[in-house]
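S.K.: Before anything else, here's the structure in question.
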Amino acid sequence: MIKVIKSGISAEVAADMDAKVKSIVEGILKGIEEGGDKVVRELSEKFDNWSPESFRLSDAEIEAAIARLPEQTIDDIKFAQTQIRRFAEIQKAALRDVEEETLPGVILGHKNIPVNSVGCYIPGGKYPMVASAHMSVLTAKVAGVKRVIACAPPHGGGPNDAIVAAMHLAGADEIYCLGGTQAVGAMALGTESIKPVDMLVGPGNAFVAEAKRQLYGRVGIDLFAGPTETLVIADDTCDGEMAATDLLGQAEHGVNSPAILLTTSEKLVADTQAEIERQLKTLETAETAGQAWRDYGQIILCDTEEEMLAEADRIASEHVQVMTHNPDYFLENMTNYGALFLGKETNVSYGDKVIGTNHTLPTKLAARYTGGLWVGKFIKTCTYQRVTEEASAMVGEYCSRLCALEGFAGHKAQADLRVTRYKSKSA
């Protein structure tokens, strides 16, 4: 039996909040499309109090930002990027062009072609999300994208040095200190000073996520991303300190970040609740994490591992931390998740920052139909075909009859023309 011990806000309240964001973003994007750079600058002044001579950083500004960082910080960024690059290259190697003769004289194939230009958004208003530069810019470059531009908002009155360094070391071709919906809109729609891109990627707040949703179709996007979600699946082999730490570690992302404990242990429920209260007294980000836990946190108690599996697939969380006696049970059987973290030895922050897997992942039930950002998201798999005259005459007869079946006279004429021209030659 599944029992909800603690629930978050209602779906109706969440939908009302989403509707308000949608309306605001519609107006902003319309303004950018009509007013270009002028409106982008007005929005940057309004929301970020930021209006430099140029939003694009010069080579000298980039070099100065890198020079201001401690050597250890540069080494740490390079270490993380090495891991992310290595795994992205492994993933890319799994993609291959194909070409096969499927019938005598019929050659079918596909090519994997990188997108030509990508805009990467790196969040940096509340927290300077250095890791997002690795995940987006670096992965796009490994995929073979020719032009990768990157935007991050000002942090502390100007560009964040560590984000700038990460963007540059990841291979960004253009770097802009520009944030929020105005950055996403400028990259997608283009302005007098920013050439539009073909695809937008990267996480962001509710307004950034909504802007990407509204721009989808005009440009490609990586996925529909909402507030960070985490699901901790645990049994009596896990303790309250670890469960609480992993829940609050993701709840600190934002006041609307869902964190859920799914367990078969009543003792763990009690211990985790007590530990959360204790940790919120000392955690530096307790104001955010505490509100997220209060409004969006959930605890679900199950009788069996099978019930936990069913609930986990229903929840379809972005991050799923599995701390049970047999974590591989969930690897083998779970189907809806953004990323799995198997065992107490790993955790979501490893994936968020350094270990090599990508941290841009599906939220709001999108894990039911998509995975996260990876090199394959930047690559178009495009088919082609070539056919001999003899094969064209043979396939054409089938095609002609099938076109007639559907009432497509023009399609039928295409097939009939090939049959007429090539059948006599092959007879």
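The values are calculated or read from the model by the stated rules, or taken from the named source; none is laboratory data. Values in this document were obtained by computation on a predicted structure and should not be read as measured data. Backbone-built Cβ (ideal geometry, glycine too); neighbour counts: all protein chains shown. These accessible areas exclude ligands, DNA and RNA; they are computed on the full protein's heavy atoms, side chains included. Shrake-Rupley method; radii C 1.70, N 1.55, O 1.52, S 1.80 Å.
S.K.: When the range 268-298 is examined, which residues are found to be of a type in the set (Val, Ile, Thr) and over 26 Å from the mean Cα position of the chain (by Cα)?
M.R.: Within the range 268-298, Val269, Thr272, Ile276, Thr282 meet the criteria.
S.K.: Test Ile32 against the stated conditions and say whether it is open to solvent by less than 30 Å² (accessible area, probe 1.4 Å) and either of a type in the set (A, V, I, L, M) or under 28 Å from the mean Cα position of the chain (by Cα) (or both).
M.R.: yes
Rundown of residues vs (1) basic (Lys, Arg); (2) free of Cβ contacts under 8 Å to residues at least 24 places away in the same chain; (3) in contact with a Gly (Cβ under 7 Å, 6 or more places away or on another chain); (4) open to solvent by 60 Å² or more (accessible area, probe 1.4 Å), yes/no style:
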| residue | (1), (2), (3), (4) |
| --- | --- |
| Tyr216 | no, yes, no, yes |
| Gly220 | no, no, no, no |
| Gly226 | no, no, no, no |
| Leu231 | no, no, no, no |
| Asp236 | no, no, no, yes |
| Gly240 | no, no, no, no |
| Asp246 | no, no, no, no |
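S.K.: Okay, next question. Please work out which one of (1) loosely packed, with under 15 Cβ neighbours inside 10 Å; (2) not in a helix (DSSP H, G or I) is the condition Glu12 fails and give its number.
M.R.: (2)
S.K.: Another one. Filter the range 92-114 down to residues that are touching a Gly at 6+ places or on another chain (Cβ under 7 Å) and not charged (D, E, K, R) and give me whichever is surrounded by the most Cβ atoms within 10 Å (Cβ to Cβ).
M.R.: Pro114
S.K.: Would you point out the residue of the range 118-156, among those that are under 22 Å from Lys195 (Cβ atoms) and among the charged types (D, E, K, R), that is surrounded by the fewest Cβ atoms within 10 Å (Cβ to Cβ)?
M.R.: By that ranking, first place goes to Lys146.
S.K.: Moving to a separate point now. Go through the range 176-192 residue by residue and tally those that are buried (at least 24 other Cβ atoms within 10 Å of the Cβ) and within 12 Å of Val39 (Cα to Cα).
M.R.: Matching residues across the range 176-192 total 5.
S.K.: Oh, and also: Residues that are among the aliphatic types (A, V, I, L, M), without any contact (Cβ under 8 Å) to a residue 40 or more places away in the chain and farther than 30 Å from Gly190 by Cα: which helices (runs of 4 or more DSSP H) entirely in the range 32-147 hold 2 or more of them?
M.R.: Per the criteria, 71-93.
S.K.: Among the residues of the range 157-169, write down those that are assigned to a helix (DSSP H, G or I), touching a strand residue (DSSP E or B) at 6+ places or on another chain (Cβ under 8 Å) and buried (at least 24 other Cβ atoms within 10 Å of the Cβ).
M.R.: Ile163, Val164, Met167
S.K.: Here's another thing I want to ask about it. Looking only at the range 183-225, count every residue that is part of a loop (DSSP other than H, G, I, E, B) and not β-branched (Val, Ile, Thr) and tell me the total.
M.R.: The number of residues fulfilling the criteria is 16.
S.K.: Which of the helices (runs of 4 or more DSSP H) contained wholly in the range 279-381 include at least 1 residues that are touching a residue at least 24 places away in the same chain (Cβ under 8 Å) and of a type in the set (Phe, Trp, Tyr)?
M.R.: Qualifying helices (runs of 4 or more DSSP H): 286-296, 328-333.
S.K.: May I pose another question? Does the range 411-419 contain any residue that is open to solvent by 20 Å² or more (accessible area, probe 1.4 Å), out of contact with any strand residue (DSSP E or B) (no Cβ under 8 Å at 6 or more places or on another chain), in a helix (DSSP H, G or I) and among the β-branched types (Val, Ile, Thr)?
M.R.: Yes, some residue in the range 411-419 is open to solvent by 20 Å² or more (accessible area, probe 1.4 Å), out of contact with any strand residue (DSSP E or B) (no Cβ under 8 Å at 6 or more places or on another chain), in a helix (DSSP H, G or I) and among the β-branched types (Val, Ile, Thr).
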